[in-house]
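To start, the structure itself, in structure tokens.
The values are calculated or read from the model by the stated rules, or taken from the named source; none is laboratory data. Since this is a predicted model, take the numbers as computed values, not measurements. So basically every Cβ, Gly included, is an ideal-geometry build from the backbone, and we count neighbours across all protein chains shown.
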């Protein structure tokens, strides 16, 4: 199944755990350090440097781009490390997450509650997945280098629906 | 005494880091392809196909196969007849590690532990020195990503726990890790010694050709038992369910204290990067 990004609530409802999906459109990159900053900003009532409404976050810290490419190897990182830092972002309208591996039961429950979706991409396939990324722009926390928040364009990016908006999980 | 320039040692390490991050060892590739052929789960096959083609893309383009190009773990075994000359070997190695990560377009993944400030050149490397007989320097290099390193565990078992206790610890570790460390895994195990000795044995075991059994028949049997039990868990490639959760279990052992049985399980993801050379 092919899906365009940004996601809509209608599209999310159609996605079922175990489906293979090819995603095309913009996603935001963020992993541990960026999540920590976003959640700290939310906790202190500051405005976020990015609008999370209907966005999808890809948990990735890419390699530097070789000369003739926009990005280096860019596979997913372990999503479970973001579990404790995810719900505040869902409250801000985040609709999709792309990572690897299982999530906590709290997150499976939150994915159901907020009617969003968690996809998994193939961990360790960074060279292959980078071929499906066409544009990269740093949006925030540039000092974090590979961990900065970037907007990237993904094209026919292969993922599996791991937790759907009904709370059904591939890992349960 | 044979004189060896520390810069020659450091240069070799740089080359090993560059090749190991881009070229998967053949022994591993053969097992991954076999796992892909054998797999019946649709989703696990989808993942294994990507893993296998990713390795080809990385090799062809000299790209790192994974964005987590790891901490540089380096074993330097120095013959006692060798005199290392022309400078500080630690400085020389770290300078070449930084060069390798810069030139290879590898990610800088090393940060201070509490402040989390990135050192911006992937140093310091983790360097283990050992004195061996002879007049050669043996180098082993393994860039280690932390998706899998994070899932490693230490058990201080009772001395009476025996082989069954060891296998239970291995299987429990893999089960707790689930899909997080990028299965299919290679599971390195150190049994005996002390806390740090068991950890080093586990790490070193990952340099064996993947799937080659231990020289010790009893350990080889344990490796087989542990691997069968791990694959019965059904975690599968990337945790999506499937028949191959691990490609191999490697166990190394060492005498230990009468009061204990340390076991370290060092989890290695499918990108089991390692390379070695001799000077």
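If we scan the stretch A:92-100, do we find a residue that is over 30 Å from residue B:235 (Cα atoms) and surrounded by fewer than 19 Cβ atoms within 10 Å (Cβ to Cβ)? Yes: the stretch A:92-100 contains one or more residues that are over 30 Å from residue B:235 (Cα atoms) and surrounded by fewer than 19 Cβ atoms within 10 Å (Cβ to Cβ).
Filter the stretch B:204-254 for residues that are over 21 Å from residue B:25 (Cβ atoms) and assigned to a loop (DSSP other than H, G, I, E, B) and give the result. Passing the criteria: B:216, B:233, B:234, B:235, B:236, B:240, B:241, B:242, B:243.
Residues that are under 20 Å from residue A:128 (Cβ atoms), more than 14 Å from chain A (Cβ to nearest Cβ), in contact (Cβ under 8 Å) with a residue 24 or more places away in the chain and surrounded by 18 or more Cβ atoms within 10 Å (Cβ to Cβ) occur in the stretch B:26-40; there is at least one. Filtering A:38, A:23, A:7 for residues that are away from chain B (no Cβ under 14 Å), at pLDDT 95 or above, in contact with a helix residue (DSSP H, G or I) (Cβ under 7 Å, 6 or more places away or on another chain) and surrounded by 20 or more Cβ atoms within 10 Å (Cβ to Cβ) leaves a single hit, A:38. Might you check whether a residue that is touching a strand residue (DSSP E or B) at 6+ places or on another chain (Cβ under 6 Å) and either within 14 Å of another protein chain (Cβ to nearest Cβ) or in a loop (DSSP other than H, G, I, E, B) (or both) occurs anywhere in the stretch B:87-106? No: the stretch B:87-106 contains no residue that is touching a strand residue (DSSP E or B) at 6+ places or on another chain (Cβ under 6 Å) and either within 14 Å of another protein chain (Cβ to nearest Cβ) or in a loop (DSSP other than H, G, I, E, B) (or both). Restricting attention to the stretch B:1-25, the residues that are in contact with a strand residue (DSSP E or B) (Cβ under 7 Å, 6 or more places away or on another chain), buried (at least 16 other Cβ atoms within 10 Å of the Cβ) and not in a helix (DSSP H, G or I) total 1. Among the residues that make up the stretch B:150-158, is at least one of them within 13 Å of another protein chain (Cβ to nearest Cβ), under 16 Å from the mean Cα position of the chain (by Cα), touching a residue at least 24 places away in the same chain (Cβ under 8 Å) and part of a helix (DSSP H, G or I)? No, that holds for no residue. Taking residue B:60, is it over 30 Å from residue A:19 (Cβ atoms) and part of a loop (DSSP other than H, G, I, E, B)? Criteria not met by residue B:60. Taking the listed residues A:144, A:170, A:128, the one that is over 29 Å from residue B:61 (Cβ atoms), within 12 Å of chain B (Cβ to nearest Cβ) and either without any contact (Cβ under 8 Å) to a residue 12 or more places away in the chain or in contact with a strand residue (DSSP E or B) (Cβ under 9 Å, 6 or more places away or on another chain) (or both) is A:170, with no other qualifying. Scanning the stretch B:107-118 for residues that are part of a loop (DSSP other than H, G, I, E, B), in contact with a strand residue (DSSP E or B) (Cβ under 8 Å, 6 or more places away or on another chain) and surrounded by 14 or more Cβ atoms within 10 Å (Cβ to Cβ) gives B:108, B:109, B:110.
Of the residues B:191, B:171, B:187, the single one that is touching a strand residue (DSSP E or B) at 6+ places or on another chain (Cβ under 9 Å) and over 28 Å from residue B:110 (Cα atoms) is B:191.
Condition check ((1) within 22 Å of residue B:142 (Cβ to Cβ); (2) within 14 Å of another protein chain (Cβ to nearest Cβ); (3) crowded, with 17+ Cβ neighbours inside 10 Å; (4) touching a strand residue (DSSP E or B) at 6+ places or on another chain (Cβ under 9 Å)) across all residues:
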| position | (1), (2), (3), (4) |
| --- | --- |
| B:199 | yes, no, yes, yes |
| B:210 | yes, no, yes, yes |
| B:222 | no, no, yes, yes |
| B:238 | yes, yes, yes, yes |
| B:263 | yes, no, yes, yes |
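Condition first: buried (at least 24 other Cβ atoms within 10 Å of the Cβ) and either in contact with a strand residue (DSSP E or B) (Cβ under 6 Å, 6 or more places away or on another chain) or more than 8 Å from chain B (Cβ to nearest Cβ) (or both). Now tell me which residues in the stretch A:60-73 satisfy that. Scanning the stretch A:60-73 gives a single hit, A:60. If you go through the stretch A:9-63 and keep only what is within 15 Å of the chain's Cα centre (by Cα) and more than 21 Å from residue A:139 (Cβ to Cβ), you end up with A:12, A:21, A:22.
Scan the stretch B:159-192 for residues that are surrounded by fewer than 21 Cβ atoms within 10 Å (Cβ to Cβ) and in a loop (DSSP other than H, G, I, E, B) and report the count. Qualifying residue count for the region: 4.
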